[in-house]
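One structure is given below, encoded as structure tokens.
Derivation of every value follows stated rules applied to the coordinates shown; laboratory data play no part. Note that the structure is predicted; figures quoted are calculated from it, not measured. Note that each Cβ is placed from the backbone with ideal geometry, even for glycine, and that neighbours are counted across all protein chains shown.
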Amino acid sequence: GPAVVFDLSGSFQTHNLETAPNETTECSKDELWNMFELMYTMRRMEITCDNEYKARNIRGFCHLYDGQEAVATGILQALDEKDSYITSYRCHCIALARGGSVKQVVAELFGFEDGMTKGKGGSMHFYNKKHNFYGGQGIVGAQVPVGAGLAFANKYNTPPGERMPVAIGCYGDGAANQGQIWEAANMASLWKLPMIFCIENNQYGMGTSIDRHSSHSDYYKMGNHIPGVRIDGMNVLAVREGMRFVKDYCASGQGPMYVEMMTYRYHGHSMSDPGTTYRNREEIAFTRSTRDPLEFVKKCLVDAEFATPDELKEAEKRIRKDVQQQVMEAKESAKPSMDSLFEDIFAKDLVSRSGSEFPPHIRMPDYAKSFWIDGKPE
Amino acid sequence: GPAVVFDLSGSFQTHNLETAPNETTECSKDELWNMFELMYTMRRMEITCDNEYKARNIRGFCHLYDGQEAVATGILQALDEKDSYITSYRCHCIALARGGSVKQVVAELFGFEDGMTKGKGGSMHFYNKKHNFYGGQGIVGAQVPVGAGLAFANKYNTPPGERMPVAIGCYGDGAANQGQIWEAANMASLWKLPMIFCIENNQYGMGTSIDRHSSHSDYYKMGNHIPGVRIDGMNVLAVREGMRFVKDYCASGQGPMYVEMMTYRYHGHSMSDPGTTYRNREEIAFTRSTRDPLEFVKKCLVDAEFATPDELKEAEKRIRKDVQQQVMEAKESAKPSMDSLFEDIFAKDLVSRSGSEFPPHIRMPDYAKSFWIDGKPE
Amino acid sequence: TQVAVREAINAAIDEEMERDESVFILGEEVAQYQGAYKVTKGLYEKYGDKRVIDTPITEMGFTGLAIGAAYKDLRPIVEFMTMNFSMQAMDQVINSAAKQYYMSAGDLACPIVFRGPNGFSAGTAAQHSQCFGAWYSSVPGLKVVSPYSSEDAKGLMKAAIRDPNPVVVLEHELMYGVSFPMSEEAMSKDFVIPIGQAKIEIAGSDVTLISFSKTVGLCLEAAEALKGEGISAEVINLRSLRPLDRKTIIASAKKTGRVVCVEQGWPQCGICSEIAAILMETDAFNYLDAPMERVTGADVPMPYAVDLENASLPQVEDVLAAVRRTTYRKLAA
Amino acid sequence: TQVAVREAINAAIDEEMERDESVFILGEEVAQYQGAYKVTKGLYEKYGDKRVIDTPITEMGFTGLAIGAAYKDLRPIVEFMTMNFSMQAMDQVINSAAKQYYMSAGDLACPIVFRGPNGFSAGTAAQHSQCFGAWYSSVPGLKVVSPYSSEDAKGLMKAAIRDPNPVVVLEHELMYGVSFPMSEEAMSKDFVIPIGQAKIEIAGSDVTLISFSKTVGLCLEAAEALKGEGISAEVINLRSLRPLDRKTIIASAKKTGRVVCVEQGWPQCGICSEIAAILMETDAFNYLDAPMERVTGADVPMPYAVDLENASLPQVEDVLAAVRRTTYRKLAA
Ligand SMILES: Cc1ncc(C[n+]2csc(CCOP(=O)(O)OP(=O)(O)O)c2C)c(N)n1
Ligand SMILES: Cc1ncc(C[n+]2csc(CCOP(=O)(O)OP(=O)(O)O)c2C)c(N)n1
Ligand SMILES: [Mg+2]
Ligand SMILES: [Mg+2]
């Protein structure tokens, strides 16, 4: 079908730039449907995680992404799989979109063998190297220099002058003042790395609002001399269009760019946080009713006559069922074997990726139960 | 005698500021003489250190400050002793000016008991709490958040609304991209700490010139939204006048400020660096002949008719002799006692400052030679 | 009275803040949110934002800042949301705090407390489960304490705050909610536990169990079980990891002749290793009837899945197995 | 041929860079200045600024950046000007590199080398003299090696670069200029020393001296002196601190019955402590004729003055004193 042109005016602010993202964007029916379906799957998956956590099937931390779906979805549409993606602990949905399935994500949270990291990682540790997804990082800020390293490798591996795959490092407003981010930005700028510093500004780092943790709250300007773009992160079309602009800039060797995504987190920070002590319920309700990224994409679909409300209801039902189905499958998965405890300490080989090298001895709490490579104590 | 007005036009650049330092400054004969004498003592002390190092009387690192004398001197004139000072390993001259003597500095470098830190610290570790001098830091960048903590304490201890003593943290152009500096700046700005972030831009971090280690080389703008001033760091009067402005801003509760001092280091980075592989001799010679801070202050003295060339020669001779004399005295000092090895691990008491608390056991390489608080092994 | 460890720590901080204007606390979420684990509950209301301070998530920066404040004789308490994040600030803790008094030959003291939950929790995986007992305890110039019970928690925290030196307090998340009886004495505002002294939780004669933090509880459980087997276990709660109470360790080893050490951290170069070395280099060696056994965390990054996690952590059976091995000869004799 | 340790490391890096395009080196002053200690001499001229990279003085940042590059199968060599500065990057080394393969269940390997001079130098005082052997060696997921001689330096460096895992190489500034004979084999481009294997520098029968890095030299000196006293010392150069070569340690302890460990680092929870624990928990214990002795750095931050510094570091006499204590009984018998 023919693409429709959508208006994006007011969706962008720029810093230190002479050009800017387009204020309109073309989108086809398929494209928009895909975005909607992905976003709705994300939403349902996260809500399911919430329930499963409350049913005590998930342990430890569990950071949900609902409210922010348009950010990852728009980014993923603008980039391709040669571009590297790294983010924080709030990573379920990116794992899903970068080669994972609901089943793999949820099975991981259940601590099962079929989990994306075989029950070893849990909520904060999803990775998919084949799909250029590098996590998943439990330490605030740490993924950003690492992301700059992904960009470094992209540059290293591209013949000079050619367009480079980019790398994006996503982090929160709370993380944004971590010094190592500045250190990475300095190197990225100095060495013209194709690196996108992407701040998902959901207004809070845990219970602290941006005005209380950041002396500079125009995050897209935090790169100082490094150019930046602020994007309406609740509008998936704006995110996609804005990120095309950003990718283009970075891929062509002009250096890194800062991006600030204006977004919102619906849930509390993690499961122990009700999320309602440091912000009031009205604020959450107001955002949900006026800026919800899913409602927005649905409205776009209807306005463009790509879908009828009934078709959308139908699709939602289908997706809900699919998510449910996959969660059921995840529950059928087995617990990881005890032997797996000894695996994956060391890699054996980068090329064949043929599994683990074992250290000669892995001490266990009870010494007698230790692992010895030749089966017996020294 | 009457003060003379000196022209400072062209000595300052500002960032994010509506006001600026005065473009003229008044200075009396006494004041200018004092600055000259301090600076010349610094110069002679550092040159002596160079010689003593070459004579193998000084070990380890030894970072000299010659070329940069106007920076510390001007700062010290603008601040008073209630203001806290912290700097990097390049700290001999500040130790001298903040309550120390040539003898104490040099004796320390000799590793003697009369040294400012009794032979425990060496070149990088001078302190003088009574005079609000806090080092001396061997780790690049680390003194800056610590400096912000000094400012924090000043604010903590001042009744709200009153003028606060300030704190200055000095660091190099090479250190300037350390992430912890940004972290400190964010907090200083958020909490309106009376903190001066002072970059002594001597153009190189070891063998790396600023364009190769910093993507942003206007260091006075590196605070982003934080105001900044660039000052001619070879002109002691400009430093003094500029720092008066900066101090006034910070002390009054408006928050921190960035300062960039344009200066130059004559010696290599430390004693193992000839300092001539990454910059050519012409550059050094040119700076010495056109921008030398001592020549400048001497010229001011003569121009203002505060001194005749002969008087200056006389004074230089006197100071040279005095430095020599103090170095001789330093050489008479004794080596620290072996018992001192066990002292100063723990403080006993903040109030009386009554010496060390001893741990029950201090293991020595030979166990039998260990320290036991009750004199015998357990 | 029964008091949870969380409340004991809270009381210690509260009392010391009340006693001394120079004490303040800073860290992520310590003020308005009352602490990620609610340890600082009520302090913000009571002392306000001058003395209870929410920081940005910048560990290296705020640690350095607190150290600077300590140089000027304020007494900061730095909360790390967990000790894992203190790794970002490691250089400041070691190089600017621990070594400072020595480097300045006694001119600059650094009266500061670094505290937070240490070691494993439940299902938080590899980056959020590290024990820093061994690392911090190896550094001269630091003091390191690690409470087990509520009395420990209160007394050691108060001692840490009053100490004119940098003190690391290694708490345990899973102990915050656990209640212990607290003596009248321990409830008082003057209750301080001297740093550097271990506590003999139970006296015994056949074997010495040594541990710190949560795993002291494991030793107590094991001791109880051993009673049934006719083995009398002495349980030592180290309380301080630096200075280590070598005297108490050695005396107990001499008395029982058999030692089992327990910790949750990785085995290599751990606290248990150090105790082995102490037993080797002192008189205690001559009294050993069997080699020391250690029970430690598995030598792997912490896995997430519950069974793997359990297998990676010392359990009572592991302690019992070690005790049985070490007492085997005697029982057989 | 006589080769200095500095040249041996340089050759190893050069050969591996030649062999594998994915190898590059970054750090402060490694390129144009040729390294603060000239270890990277000639590499910048040969490989250019794509592969020999001067970084800003931002350890946390460039360490993280190198780790990211390693995730994508490049093979970075990170030079820390000294290992002391790796403390600023500690979180990245431990949490992003060491634990990564495990956390990702084998999906993300991290083939990276962290290297630099470790431990004391001459007159560099407390902040520039720390030994990180114990800390790094305690971390599962890391490999840690520490060369003594030129052969060690070359073979271990090449092994480290080829390894698909993060490897920490602890060098020693005062060894860079020391020359050692190098065998034909060691001069070859294929010379690789397997990580995890200790080297018996001298076989002996009366006492085992165990060390790593510079203090292996001390043990060799001591062994020579002991010869004159009729004591035959076996000297073990650990080479790897993780995995530790428990087999070689245990076999030697069984053979000689007497063990003296030597390291420059602080005593508590050190490498010597770990060896004590190994001797305790294995069969070796039954063969000990005397308790293990350790000779370690003094338990103080390193002072500057030369006499104090010397007193803080193991000297030959300290090793000899420990050996004499441990062999006392035998000699007296
Ligand atoms: C170094 C470090 N410090 C503290 C934490 C605890 N922590 C986890 S997430 C978080 C808040 C982060 O907020 P933000 O960056 O805004 O991301 P968001 O959670 O909003 O996505 C904190 C303090 C951590 N994981 N790592
Ligand atoms: C964290 C850390 N990294 C590296 C070093 C080694 N080092 C000491 S000084 C220095 C250069 C600093 O340059 P700059 O900040 O410009 O100060 P300058 O020496 O010019 O005064 C370096 C790399 C260190 N001491 N600490
Ligand atoms: Mg946020
Ligand atoms: Mg410089």
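Quick notes on this structure:
- A viscosity of 1.002 mPa s and a temperature of 20 °C, combined with the Kirkwood radius over Cα pairs in Stokes-Einstein, give a translational diffusion coefficient for segment A:225-378 of 98 µm²/s.
- Span from the segment D:1-49 Cα centroid across to the segment A:299-378 one, whole angstrom: 41 Å
- In this structure, the pairs whose alpha-carbon distance is over 24 Å, taken from B:120/D:143; C:227/D:254; B:335/C:99; B:82/C:189; A:54/A:103; A:348/D:254, are B:120/D:143; C:227/D:254; B:82/C:189; A:348/D:254.
- Cβ crowding within 10 Å ranks B:269, B:15 as B:15, B:269, fewest other Cβ atoms first.
- Axis-nearest residue of B (beta carbon) for the B-onto-A rotation, whole Å: B:179, 1
- Ranking D:88, D:134, D:194 by how far each Cα lies toward the positive end of the dipole of segment D:86-230 (charges on Cβ) leaves D:88 at the top.
- Kirkwood hydrodynamic radius over Cα pairs of segment C:224-333, then Stokes diffusion coefficient at 4 °C and 1.567 mPa s, in µm²/s: 87 µm²/s
- Between 0 and 90 degrees, the angle of helix C:246-256 with respect to the longest Cα principal axis of chain C falls at about 20 degrees.
- Cα long-axis angle, helix A:69-78 against chain A (0 to 90 degrees, to the nearest 10): 80 degrees
- Going by neighbour counts of Cβ atoms within 10 Å, the residues C:14, A:173, B:30 line up, fewest first, as B:30, C:14, A:173.
- Over chain A, volume per residue of the alpha carbon convex hull, in Å³: 168 Å³
- Other residues with beta-carbon under 9 Å from the beta-carbon of residue D:195 carry, at +1 per Lys or Arg and -1 per Asp or Glu, a net charge of +2.
- Alpha-carbon Rg/Rh ratio, for segment C:1-78, with Rh computed the Kirkwood way: 0.97
- Note on chain B: GNM, Cα springs under 10 Å; of B:368, B:334, B:107, the largest mean-square fluctuation is that of B:368.
- With label points defined 7 Å past Cα in the direction of Cβ, position residue B:321 shows copy-to-copy spacings of 10.4 nm, given to one decimal and shortest first.
- Largest to smallest principal axis extent of the C-alpha atoms in chain D, angstrom: 66, 44, 42
- All C-alpha pair distances within the protein assembly as shown, sorted into 20 Å bins from zero, spread as 10, 39, 37, 12, 1, 0 percent across the bins.
- Angle in degrees between helix D:215-228 and the longest Cα principal axis of chain D, rounded to the nearest 10: 30 degrees
- CD proxy at 222 nm, helix term only [per DSSP H run n ≥ 4: -39500 (n - 2.57); per residue of chain A; nearest 500]: -12000 deg cm²/dmol
- Spherically averaged projected area of segment D:90-237 from its Cα convex hull (nm²): 10.7 nm²
- Loop-located trypsin sites (Lys or Arg not before Pro) in segment B:29-92 (DSSP state not H, G, I, E or B) with no more than 14 neighbouring Cβ atoms inside 10 Å: B:56, B:82.
- GluC sites (Glu not before Pro) lying in DSSP loop within segment A:156-241, provided at most 16 other Cβ fall within 10 Å: A:162
- Dipole of the protein assembly as shown, positive end: most advanced residue of B:65, A:196, A:245 [Cβ charges, Cα centre]: B:65
- Between copies, residue A:10 shows label-point distances of 5.2 nm, shortest first, with the point placed 7 angstrom from Cα along Cα to C-beta.
- Within chain D, helix-based [θ] at 222 nm, where runs of 4 or more DSSP H residues each add -39,500 (n - 2.57), nearest 500: -11000 deg cm²/dmol
- Exposed-loop-free span, longest in chain D, where GluC sites (Glu not before Pro) count as exposed if DSSP calls them loop and at most 15 other C-beta atoms lie within 10 Å: D:22-228
- For residue D:316, inter-copy label distances in nm, listed shortest first [label point 7 Å out on the Cα-Cβ vector]: 5.8
- Spatially proximal lysines relative to residue D:50 (Cα-Cα < 17 Å; intrachain offsets below 8 disregarded): A:155, A:192, D:41, D:72
- Given charges at beta-carbon only (K, R positive; D, E negative), |dipole| of segment C:1-120 in Debye: 140 debye
- For segment B:91-163, the Cα gyration tensor yields ellipsoid semi-axes of 27, 14, 8 Å (square root of five times each eigenvalue, largest first, whole Å).
- Normalised by 2.2 N^0.38 Å, where N counts its residues, the alpha-carbon radius of gyration of segment C:1-141 equals 1.05.
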